[in-house]
Structures are given as structure tokens and as C-alpha cells.
Amino acid sequence: MAARKPAAQANVSKEELLSYYRDMLLIRRFEEKAGQLYGMGLIGGFCHLYIGQEAVVVGLEACTKEGDKRVTSYRDHGHMLACGMDANGVMAELTGREGGYSKGKGGSMHMFSKEKHFYGGHGIVGAQVPLGAGLAFSDKYRGNDNVTFAYFGDGAANQGQVYETYNMAELWDLPVIFVIENNQYAMGTSVARSTKSTSLYGRGEAYGIKGEEVDGMSVLAVKEAGERAVAHCRAGKGPYILEVKTYRYRGHSMSDPAKYRTREEVQKMREERDPIEQIRAMLLTGSHASEDDLKKIDKEIKDIVNESAEFAKTSPEPALDELWTDIYA
Amino acid sequence: MATEILMPALSPTMEEGTLAKWLKKEGDTISAGDIIAEIETDKATMEFEAVDEGIMGKILIAEGTENVKVNTPIAVLVEDGEEVPADAGQSAPAAEAAPAVAAAPAPAAAAPAAPKVDQSPDWPEGTPMKTQTVREALRDAMAEEMRRDPDVFLMGEEVGEYQGAYKISQGMLDEFGSKRVIDTPITEHGFAGIATGAAFGGLKPIVEFMTFNFAMQAIDHIINSAAKTLYMSGGQMGAPMVFRGPNGAAARVGAQHSQDYAAWYAQIPGLKVVMPYSAADYKGLMKQAIRDPNPVIFLENEILYGKSFEVPVLDDFTIPFGKAKVCRSGNDVTIVSFGIGMTYALEAAEKLAEDGIDAEVIDLRTLRPLDYDTVIASVMKTNRMVTVEEGWPVGSIGNHLSAYVMTHAFDYLDAPVLNCTGKDVPMPYAANLEKHALVTTAEVIDAVKQVTYR
Ligand SMILES: Cc1ncc(C[n+]2csc(CCOP(=O)(O)OP(=O)(O)O)c2C)c(N)n1
Ligand SMILES: [Mg+2]
């Protein structure tokens, strides 16, 4: 199945468009700031930015209800902001400070929020896939209608544990949505260099799992496909696969020279497909908002992000005895 | 001829059982495959089939009898017209004993016989030297071996077109082509298994793990397939290959990316384990590892990759496994370390010298085989030992060495051996906590002062 064009564009309300715009812009500005703090040495280790992929998580979060769960990889900042986690707490975790979601002990790749049902932040490629199915297992066991979103990359899609999970998830009708964020590269390896079976969602067929490809640069398309997936899962029909075609503008992590693709390729994507620009244009052409309205939003977002950076810089380092806590419950 | 029917073992753990029921009686004709009795094991009630044919001559154990030992005669089968022999059932319940074998050689005796120490130089005196980073030394070692032996190839994530995630394989795709420098998908368990199979097939794979943290995905093949096959096949086939990549903490990459696996792999019989410190050792030991007919775990370190050392300029240069290096000789205390731990050991020794403490520093270089003799000889001289490593304290290399020294040189010790290790916690991300989680030079100095009672 080719990516469907979002049918319902015309009926999208102004409020909905504005909230997508706001949520995506928050991620974009937050990530830009994180990149800046990394450059200043305030963030260390690995730091994987989500810039370019904002529509994926924002579109899918728009399909969720309280109780739904999410789990993802190390490229997790966007997911946390989109599910309502506090920008201050996320940024302070990036700087390894006491005010961070993991008290500074997890870092960029490992953050969690029980309150927001965000189960991490996992550094081992593919590990979050069975974990996501396990979260779904827990909901099915309890008999509620929650669903779990298990996000993973095109590179992760080649890991063996993904297919072990597909098999059991379908066998046991687990309410899990496998979201393949296909940003076309796993570090420096393009999808075509890592597999001959390039229809990643199609691999679910072997296990009897329904799936579809989605235009991940369009938040509306993501939302629409997300609703189908969620309806399927909530109805107890088992797992669903969304292969969301997206693109990361920045390097794999801050230390990636990105020689595996051309500048033009990135530039073209930014200019022609940018998810935030698409919504911005819709808001303006549909006369839902004026330039001034949008400027106001931009300013609000900038303030949130600046405040988070300030918080992340001034929050103290964790107390030294934190080294020895949380090892056992 | 009369045949005894013996109480069968019907599970791997069964030593005795209950003869629950006879399904044949004396005088019945029995064909092979007939179910003759029901036997209760410790796990289940099983049907017992006849193997031989004949006539049930005599039932020796009545049904309902409990605790019948395996191999006890329970009945006698006779041929048509044959009498049941008078001594039927008198033979002792004994399994056929295997022929005696020569006693296994005892492990080395615990006597502190003068250890045989080989501290011959690693290269001839007067060899010209050049300055190289660990990164360059590793690449040269692999490239030289690949030129020498067409069966050697490199496989891993981003080793080819990307030129290596840490640039170790820089230029190798250009020189050797994609047949021998192979980019894999992110599928460690799969490609470690494929490489092991290729090694069974006679090739000599070098498997790069982007970091050893990801080798946990593949550890089943490393241990169950690569390490054990030579033994399981009675020596017919094994896995001549190298598993290599950065190991241990880098800088602030958090709990899932900062683990030292030295002690884990050093525990496995069938693996050889190398963890070098200097560029010359990286080069000589990597070449040795590729030539070794066994699976070799080669533990590198990201922080050391960029560090420069003097490397001999030789056409062919290898360092044998199991030969530690005394990097600094001294009389007051023996500091034993390996890999990045050497940074702290050497730095501590320098500082201790300023305080008048003369430390001997030993770089183990390989952890399996391990050069016990060099360690023991040094302890016999200094009477004190401190070990330094980055990994966790429980079941550490230091623990193992302490036990070894206690067993083999107890009378020479003037103080308990102290182990300096990483802290017993997952690696935290916060900068201040990470510093405290890692072993430090100050801790080594402290330990030395304790064992020297200063
Ligand atoms: C098991 C494992 N192998 C290798 C790595 C190193 N690594 C981290 S991210 C990555 C690429 C993953 O690409 P993809 O799944 O497409 O996700 P993306 O980074 O594009 O979001 C690799 C190889 C790892 N973290 N875990
Ligand atoms: Mg990707």
C-alpha cells in the first residue's frame, strides 16, 4: 500500500492545527537548544536529535488517551515533550542535573516518566520492541483498553528480537502499535544497504499483522493512520504496524560527520517537506492565524525552551550519595 | 539363552523407581516392542517396552515394589522350551563400568616454586620506532593480516562505507573491497552467528562490535557456539576468529553503554581474552589474535584509541599471549592492571615515587591465558599487591588474582591484597557521579599506602 493522502485535511479544525504547530515547534526549538548546549559542553556523551521527525510523535500522541503507554529508543526527547513531560525536567536530565527526570543518572538516552506512561529511553537498538509488547501484555492482562506505542528505527527493524516479538504479539493479540520511524538511515547505513526487504511494514504480513506506510512529514497523515491503528488495537484485534516515512535533518548523534548523504538531499527535504512549514502554511492560507498570531506562539515556545535551558544550567549536580541509590528497590 | 530384563532408567535423573504394574505374566509370549510393564519414575508413569523377544520365564520383582534400583534384573526372558536358569536374577545391579582411564592431571601444585618469568623484550633491541595512535596500530594490524591471509575478513556495523564508527577500519574498504570488509545490518546475534559458522567453515573472521555493550546481543554465539565447539567436537573443529571492539566506559554515555566485560569473558574456557594498553601491544596482540586458532575476545578502549605510543617498525611483529609486561620495576609494592586501568596504575606509580614508594607495575595484556608467573615473581619480591581495573568489584580480575596469590604465595604476603575497581553501581550519566563511579588514581595511591602501611 502506498502512503495515503490525508483525506480529512479540509475538516481539521483551527485548534487542532494550532496545537500541532505548537507541539512540533516546541520539539524543534528544544532540540536546537539541546544541540547548542551540547556544543557548549553542558550536555555530554551521546545526544540524538529529533529534528525533522516531529510530525511522527505529535501526530500519534494526538490519537492517545490517558493510560496509553509509549516506549522508544535513545532518540527520545521529542517523545517526552509530546506526551506532556516537562521541558525543564527533560533538559535538566540532558545536562545531568538533580532536576532531571532521572535525577541526572540516566542522561539523554535514558529518561522515564511513570506519570506520563513513558517507559524510556533505551540505548540498545531494538530492545524497546519486546518491552513495548510487554507493556501491552500488562494492559491486556488487566483487561483495559489501553494501547502501547513502541517506536523504533529502520535500523532496529532488522533486529531479530523484533520478529520474535511480532510473532508473539499477533499470537496473543497484544494491543501494541509498532511504529517504525523510517528516517531512511541507521547511522550511516541507508535502508537499501541494510535489507532487500525494504517495505518494512510489509514484513508484518508473515506474522499476520496489519500495517501501512504513512507520510511522516505530514502530521495530518500520521494522525489519520494513527487513528486506524489505535481503533484496531483498542478493539482487541491485536497489534498494528505503522511504517512512518520521515527524515532526520541532523547527524545520527552530535558526533556524526554525515558523509553518507548529500547536503542537497537534506536541503530538499527541509525546503519541500518540512512538517512544521506545512502546518504553518495551512494556518496562514486557511486564515486560521495571522503572521502575528504565529509570532506570538513562536515567542511562547522560545520562552519555554529558554527557561528549560536556564533551569538545566542552574539545577545542581546530583548529591554524591545518589551514586548508591536506586540500585535495588 | 535366557535374557535378564533390567529395571530401566527412564529419565536423566532417575536412580530408582516403582514397578507399578506388570502387563505380561509368566508364560506369555513377548515380541520386541510389547509393553510389558508400567514403571513410575520420579517424574511420571512410563510404559516399558520389551527390546528382545521370547517367553516371560520368570518375574523377579513383584508389581507394586518401590525403590527398585536402575539396572536391577526384574524378569527373565527364555526361549521356547528353555528352563529358567537357577541363578536367574542373582547378578548384581551394576551398570557396565567404563574402562578405567588414566587419572586427570592435577592442577598445578600450590607450592611457590620459583615461577618461570619471561620478560624477554617484545622486539629486538635497536628496532626503529615510530609514534602511532592505538587506532592506527589496530588498523595496520588488521590490514597486514588481511594482506597475508586471504581467509581473514572484517565484518560489522559501519566498518565499510562509514569507515568505522570509531574510524578503526579507515581505508580498509578501499583496499580490500566489499567482499572482505563487510557492512552488516544492526543484527549482532545474527552476524556473530554467521561469522562463527564461517569460522567453522575455515575462514578467519574479525567481528567488530560497534561497542562491546552490543555484544550482549550476541553473547550466546560467542560462548555457546564459538568458545565450546572445539571441545564439543572432540577437537575436530573450532572457531578461529576475533571478536573486537571498544569496551568499558567512554565518557558520559550512560549505564547501557559503559560496561567493562573483561571479567565476564575471562571466565570462559575456550575463549582467549586480550585487553591491551599501549599501541605496540594493540598491534602485536591483534596480529597474534588473528593468527590464533581459537576465538579471541579483543577488548579495546575508546579513550585509548586516540592515544599515541611508540610502535616498532617491523615487517612482522606479534606478541605472544600469556606474557605480561613489567612496565616499571620497583621493590615496595606490585600494582597489577590491564587496558585503560594502566593509566591509573602508571600515574599512581609516578606520584608514589615522589613519596618514596617504589612501585612495580605489571600490565597483564592478556587475561586468558594469564601470566600468573610474572605476578607471583613480583609479589615474592615486593610482598604486597594492589590490582586496578575499571570493571565491577564482584567477581573481578582482581578478585581472581588475589585468590591466586593467596594460594600460591601466601607466605610472601605482608599485607592483604587490595582490589581497586569501578564502583558497584550502573554507570551514572551525571558528570560528577560518573567521576566517582570510575576507579581513580587517588584510590590506587590510597590502596598502595594501605598495603605499605604508610
Ligand atoms: C544493539 C545495538 N547495536 C548497535 C548500536 C549502536 N547504534 C546506536 S543507534 C544506531 C542506528 C540505529 O538506527 P535506526 O534504528 O534507524 O534509528 P535512528 O537512529 O535512525 O532513529 C546504532 C547502530 C546500539 N545502540 N545497539
Ligand atoms: Mg533510522
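The values are calculated or read from the model by the stated rules, or taken from the named source; none is laboratory data. Predicted, not measured: the structure shown is a model, and the values here were computed from it. Don't worry about glycine lacking a Cβ; one is built from the backbone with ideal geometry, like all the others, and counts go over all protein chains shown. Quick note on the areas: whole protein, heavy atoms, side chains included, nothing else; ligands and nucleic acids left out. Shrake-Rupley method; radii C 1.70, N 1.55, O 1.52, S 1.80 Å.
So which of A:Arg261, A:Arg270, A:Arg250 ends up being surrounded by 18 or more Cβ atoms within 10 Å (Cβ to Cβ) and among the charged types (D, E, K, R)?
A:Arg250
I'd like the residue in region A:170-187 that is assigned to a strand (DSSP E or B) and over 15 Å from A:Leu242 (Cα atoms) and, out of all such residues, is nearest to the other protein chains (Cβ to nearest Cβ).
Residue satisfying both the conditions and the ranking: A:Ala186.
Taking into account only those residues within region A:145-161 that are open to solvent by less than 20 Å² (accessible area, probe 1.4 Å) and assigned to a helix (DSSP H, G or I), which is nearest to the other protein chains (Cβ to nearest Cβ)?
A:Ala156
Considering each residue of region A:259-273, count those that are more than 14 Å from every other protein chain (Cβ to nearest Cβ), farther than 10 Å from A:Tyr249 by Cα and in contact (Cβ under 8 Å) with a residue 24 or more places away in the chain, and give that number.
1
Please work out which one of (1) crowded, with 20+ Cβ neighbours inside 10 Å; (2) in contact (Cβ under 8 Å) with a residue 40 or more places away in the chain is the condition A:Leu323 fails and give its number.
(2)
Does any residue in region B:423-437 that is more than 7 Å from every other protein chain (Cβ to nearest Cβ) come within less than 8 Å, Cβ to Cβ, of a residue that is open to solvent by 70 Å² or more (accessible area, probe 1.4 Å) and aromatic (Phe, Trp, Tyr) six or more places away or on a different chain, and which pairs are these?
Every condition considered, the pairs that remain are B:Asp424/B:Trp392.
Of the conditions (1) within 16 Å of ligand 1 (Cβ to nearest atom); (2) touching a residue at least 12 places away in the same chain (Cβ under 8 Å), A:Arg193 clears all except one; give me its number.
Here A:Arg193 meets the rest and fails (2).
Which one of these does B:Val417 not meet: (1) more than 28 Å from B:Arg252 (Cβ to Cβ); (2) aliphatic (A, V, I, L, M); (3) open to solvent by less than 10 Å² (accessible area, probe 1.4 Å)?
Of (1) more than 28 Å from B:Arg252 (Cβ to Cβ); (2) aliphatic (A, V, I, L, M); (3) open to solvent by less than 10 Å² (accessible area, probe 1.4 Å), only one is false for B:Val417: (3).
To keep it simple, each residue is scored yes or no on (1) assigned to a loop (DSSP other than H, G, I, E, B); (2) in contact (Cβ under 8 Å) with a residue 24 or more places away in the chain; (3) within 16 Å of ligand 1 (Cβ to nearest atom); (4) within 14 Å of another protein chain (Cβ to nearest Cβ).
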{"site": "B:Glu161", "(1), (2), (3), (4)": "yes, no, yes, yes"}
{"site": "B:Gly164", "(1), (2), (3), (4)": "yes, yes, yes, yes"}
{"site": "B:Ile168", "(1), (2), (3), (4)": "yes, yes, yes, no"}
{"site": "B:Leu173", "(1), (2), (3), (4)": "no, no, no, yes"}
{"site": "B:Ile182", "(1), (2), (3), (4)": "no, yes, yes, yes"}
{"site": "B:His189", "(1), (2), (3), (4)": "no, yes, yes, yes"}
{"site": "B:Thr196", "(1), (2), (3), (4)": "no, yes, no, no"}
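When you look at A:Ala289, is it among the small types (Gly, Ala, Ser) and either assigned to a helix (DSSP H, G or I) or within 14 Å of chain B (Cβ to nearest Cβ) (or both), yes or no? First the steps, then the outcome.
Working: among the small types (Gly, Ala, Ser): yes; either assigned to a helix (DSSP H, G or I) or within 14 Å of chain B (Cβ to nearest Cβ) (or both): no.
So A:Ala289 does not fit the description; no.
Would you pick out the residues in region B:438-454 that are under 28 Å from the mean Cα position of the chain (by Cα) and either aliphatic (A, V, I, L, M) or within 7 Å of another protein chain (Cβ to nearest Cβ) (or both)?
B:Leu438, B:Val439, B:Val444
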